Structure formats: structure tokens, C-alpha cells
Amino acid sequence: MLPISTDMPGKNRICPTCACEVSSDICVKDKVKTFFVDSVAGKFVKLRAEYGSPGTSELLKSSKFGYDLRTNMDGITDKRAFDLDIQTYIRALSEVVKPKVLVFSKDHRDSGDLLQAAFETFAKESGLEYGVVYGHIPTTPSFFVAASIAYQTKKSVLSLQATASHNPPNYNGIKAMGGSYTHNIYPKHVEFSSQMKSEDVIDAYLDWCTRFKPYEKEITFDMNNGAGATIIPKIASKLYPKASLFNDKLLADFGGKTPEPGWFVGWTGLGVAYDGDADRAPFYNDSKMIFFSQFLAGMIKEDLVGERKVIADQRTPPSLIDYLTDQGVKISVGDIGRTNQAEISKKNNAFWYEENWHTGGYPVGKTRFFWDDAIYATCFWLDKLNVPIEKLLEGVPTFEYTEEKFIVGAGFNLNILNTLDSKAIDYVKLPSGGVRVEDSKGHILLRESNTEIGTVKLLATGVDKDALKTKLEFGRELITSIKGK
């Protein structure tokens with residue numbers, strides 16, 4: 001099973017305002033970003049056009065379509081129209097995945113009830129088997145449920161989790177996972193029915209996570225008062241006898257803090273800070289985040305894990321790529337985004353990661369699972385962390401990292417290619433658009449946002465602060481030279 005992106009690569013494109021098919025990223029007439037026709041977003045636009053102009057869509061006007069769907073719920077003025085839009089969106093997802101079974105779950109955002117109501121209406125009319133988890137669960141166990149059901153029914157599943165991840169409280173959205181799962185990897189299965197209790201899901205998921213040995217050293221867990229508070233304390237009571245728990249209350253309609261992260265300031269020693277929906281679990285030491293590539297490099301250096309085939313994040317600097325390679329790891333630099341990384345890793349039968357601690361492709365017996373199950377991942381890594389964190393990181397390259405946003409004209413991804421070619425600067429084209437430019441001191445990534453038209457992200461690393469400053473200045477100059485055209 002893999003994540004389903006809202007806008008996936010294809011050939012022809014469609015305008016979300018007028019529904020006309022075009023060949024470019026931008027509709028010249030309406031000056032909006034277009035979608036690929038055969039993607040979920042593209043199919044939604046075509047279906048939505050059957051009962052009125054897509055430009056008036058409650059969902060389109062308030063949402064960002066990218067790796068998943070994120071909607072500013074404060075922008076919804078007509079809830080009946082929104083309900084119909086969500087049903088249409090699920091229909092578009094179903095046309096892409098072609099499932100035999102539908103599954104829905106949600107976290108604690110109040111507006112999740114709206115999404116659930118729309119799902120249930122669609123599911124009943126679809127004629128497909130379906131199940132709803134009643135109560136609240138984090139994102140990662142929702143896909144555990146889907147895989148468990150896929151195995152039991154021997155049918156393909158489309159699983160939807162209503163969550164705004166770590167976005168502001170006024171947001172909500174849908175993350176989707178689809179496909180089949182044929183391996184019996186779980187010690188306890190969720191009994192599939194049209195009405196499943198979150199308590200039963202959490203109980204089965206606890207068996208999945210707590211088969212690892214306890215971590216006996218001191219550690220801090222911060223749940224950010226998000227959906228992870230429904231399950232992480234229960235795991236901690238069994239696996240982490242010396243754990244200190246913070247922000248472990250499930251606050252109503254709350255999904256993260258802004259800016260994020262930052263709540264761990266003042267910690268000493270090793271800690272884990274989950275984001276709002278608990279699908280990322282960054283490790284920290286003395287209040288400083290450990291980049292995942294550094295943690296993985298230390299685990300391999302100390303011979304604590306046997307993984308030797310890895311899909312790295314484009315944000316990983318050359319120094320870490322070289323270090324991992326020297327450790328005998330076969331590294332392929334993948335992309336940015338959990339959906340992209342999961343697709344690439346499945347094709348290569350490899351473990352994958354992002355520097356922000358989305359990770360997947362874990363080996364289980366003779367198989368792997370590729371989704372980013374952060375709660376399971378915490379148990380997986382702590383089970384193997386048999387040395388002090390300082391020893392783990394000893395000798396592993398350090399680096400500085402930052403990112404900035406810039407407003408630019410449309411078509412930046414093509415313009416940056418032309419600019420670098422004209423300057424005879426070596427670069428690597430990113431799989432999903434944009435470029436990577438690197439040397440031994442660090443690197444930059446320049447890419448046009450998938451969800452925010454006219455916005456470019458500059459991501460930079462350096463072996464030290466001076467190198468980072470040099471990389472930033474170089475990236476800014478490139479962006480300015482294009483903006484000036």
C-alpha cells in the first residue's frame with residue numbers, strides 16, 4: 001500500500017477554474033495552477049464540472065492540493081456544497097485507486113465530523129464494502145488498519161484519514177493510502193466491520209509496537225497535545241520505564257504549534273517530539289534536532305542496523321551521502337515528500353527517509369511496509385539504540401540547514417534550468433521539478449511549490465555556518481536573476 005498524492009504526474013493538464021484542458025502548468029486565461037488530468041485533483045475537477053463551474057467549488061477555493069488535501073475550514077461558507085465536494089473528491093480517489101473496500105478514520109479536529117459524514121454518504125451509495133473507525137486515532141495507525149483489513153479481506157483498500165497534520169487549527173484535510181497488502185505481519189488484527197472502535201484499533205496497534213524490547217535509559221516524549229496522545233502514553237507505559245511525558249493531553253480542535261518545532265527548548269538528553277498527527281517523530285539531543293541522516297549514519301556506524309539499501313532525501317547534504325556510502329550503504333538520492341519517497345523506495349525495495357523524520361520501507365520478516373509509521377518507527381529505532389546518543393553521533397558529519405520562501409513569476413522550474421545552463425553551472429534536476437546544486441561544502445535546492453503558485457523554496461545546507469551563508473547567497477542571487485527577467 002502506498003500514499004496517494006492529489007496531483008500526480010501525467011500528460012495533459014486541466015484548469016481548476018474553467019475545466020479546460022491545457023498543456024502548461026498555468027492556465028493563461030484564469031492565471032491559476034493546473035492539475036494533471038488523470039490525477040486525483042484532475043479527476044475531481046472534471047467530476048465537479050458535471051454540476052457547476054469548478055471555480056465556485058467550496059473545496060477548490062479553500063484548499064491546497066499536493067501530497068495530500070489540506071483545507072482552510074474557515075473558508076467554507078456552504079457546508080452542503082462542501083459535503084458534495086468531499087464526496088466528489090472521494091469518488092476521484094476511488095477512480096484512481098479502484099478499491100474494493102473503503103476505510104475512514106479521523107483525528108481530533110472538530111471538522112472531521114463533516115468529512116466523516118461525506119465519506120459515509122459516498123460509501124453507502126458506492127456499493128463497496130466500507131468501515132469507519134469511531135473515535136480518534138493518529139495518522140499512522142489509520143494505515144495500519146487499512147493494511148490489516150486488506151490482508152483479511154484479500155481485497156484492495158482505499159484508506160482515508162481526516163487530519164490537518166501539524167497545520168493551524170483552522171485547517172483539516174485528507175491523507176489517502178491505497179492498494180493491497182498480502183503479508184501477515186501483524187500479531188493482532190483489527191476486526192473489520194462497518195463500525196470499528198478506536199479503542200480496538202489502538203489495542204491491536206499496541207501489540208504491533210510493543211513487541212520490541214524496552215528502552216531502559218531516560219528519554220523525553222512530547223506529543224504536542226496532538227493525536228499521538230491517544231496512544232503514545234500507552235506504549236510508553238510498556239516500553240519506556242524512564243520516560244518523561246509532556247503535552248500529552250488531547251486538546252480539542254488542536255493540531256500543532258506555530259512556529260513548529262520549538263516546544264522542546266530547554267530539554268536535556270535524548271527526546272522525541274511528535275508533530276500534531278504523530279506521523280513525524282524527530283529525535284532531539286539537548287534541545288537540538290538530530291537530522292535523520294545523521295541518526296541513520298550513527299546506527300550503521302555502530303552496526304546497530306543491517307539496512308544497506310537506502311533512498312535518501314534530497315535535503316541530505318553531500319557530506320552525509322559520502323559518509324553513508326563509505327559505511328557500505330547503497331544510497332540513491334530520491335526526492336522530497338513522503339509520497340514521492342515511498343513510490344521510489346517500493347520500486348527499489350529499499351528503506352526511505354526524509355530529514356524531518358518521515359521514514360518507511362521497514363523490513364518485517366520477508367517483506368517491507370513503505371508508509372511513514374512514525375510511532376512504530378520510534379519503537380523500532382529505540383529497540384536498537386544500545387549506545388549513548390553522544391557515542392552514536394561521534395564522528396558523524398554535522399551540517400547547518402535552513403530554508404526560505406520567495407515570490408516569483410510562474411514557470412520558475414523551467415527558468416532555473418535555462419539560467420544554470422547559461423551560466424554553465426552543474427546541477428541535478430529534481431524528479432518532481434526544480435534543481436539540486438552541490439559541492440563538498442554543501443548544496444542548495446530550488447523548486448517551485450506544488451501547492452502555492454508563484455512561490456519558490458530555497459533549501460540550503462553547509463558544513464558550517466559560513467558555508468551555509470555562502471550557499472544562501474548563491475541561491476538568492478539565482479532567484480533574483482530570474483525575478484528580474
* **Dipole moment magnitude, nearest 20 debye, the chain about Cα centre, only Lys, Arg, Asp, Glu C-beta charged** => 920 debye
* For the chain, what is one quarter of the convex hull surface built on the Cα atoms, given in nm²? -> 21.7 nm²
* How do the peptides 384-394, 94-104 rank, highest first, by the average count of neighbouring beta carbon atoms within 10 Å per residue? -> 94-104, 384-394
* Asked: Any idea how far apart THR367 and SER24 come out in nm if each label point goes 7 Å out from Cα toward Cβ?
  -> 4.7 nm
* To do: Sum up the lysine pairs in the range 121-267 that clear both bars: alpha-carbon distance under 16 Å and a spacing of 8 or more or different chains.
  => 9
* Can you pull the Kirkwood radius for the range 192-254, inverse mean 1/r over Cα pairs, to one decimal in Å? -> 12.8 Å
* **Dipole magnitude of the range 2-204 about its Cα centre (Cβ charges: Lys, Arg +1; Asp, Glu -1), debye to nearest 20** => 540 debye
* Where does the chain land at 222 nm, in deg cm²/dmol rounded to the nearest 500, when only DSSP H runs of n ≥ 4 count, each adding -39500 (n - 2.57), divided by all residues? -> -10000 deg cm²/dmol
* Asked: So for the range 67-171: antiparallel DSSP bridges make up what percent, rounded to the nearest 5?
  -> 10 percent
* To do: Would you count, across the range 400-483, every pair of lysines whose alpha carbons are under 14 angstrom apart, provided the pair is eight or more residues apart or spans two chains?
  => 7
* Asked: Between the range 222-245 and the range 89-155, how many Å separate their Cα centres?
  -> 26 Å
* the range 2-204: translational diffusion in µm²/s, Stokes-Einstein, Kirkwood Rh over Cα pairs, 10 °C, 1.306 mPa s -> 92 µm²/s
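With N set to the residue count of the range 354-485, report its C-alpha Rg divided by 2.2 N^0.38 Å to two decimal places. Present the calculation step by step, with values, prior to reporting the outcome.
Working: Rg = 18.5 Å, N = 132, 2.2 N^0.38 = 14.1 Å.
Normalised Rg, Cα atoms only: 1.32.
What does DSSP give for the chain in terms of the percent of beta bridges that are antiparallel, rounded to the nearest 5?
Approximately 65 percent, going by the DSSP bridge assignments.
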* To do: Using +1 at the Cβ of each Lys and Arg and -1 at the Cβ of each Asp and Glu in the range 374-475, identify which of LEU472, ILE375, LEU414 lies farthest towards the dipole's positive end.
  => LEU414
* Structure fact -> Between the residues MET299, ASN285, LEU320, the Cα farthest towards the positive end of the dipole of the range 211-393, that dipole coming from +1 and -1 charges on the beta-carbon of Lys, Arg, Asp and Glu, is from MET299
* Towards the positive end of the charge dipole of the range 2-204, with charges on Cβ (+1 Lys, Arg; -1 Asp, Glu), say which of GLN116, ILE86, THR6 has the farthest Cα. => THR6
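Taken together, the values in this text are just the output of simple stated rules run on the coordinates, not laboratory data. What you are looking at is a predicted structure, and each value in this text was computed from that prediction instead of being measured. All Cβ positions, glycine included, derive from the backbone under ideal geometry; neighbour counts span all protein chains shown.
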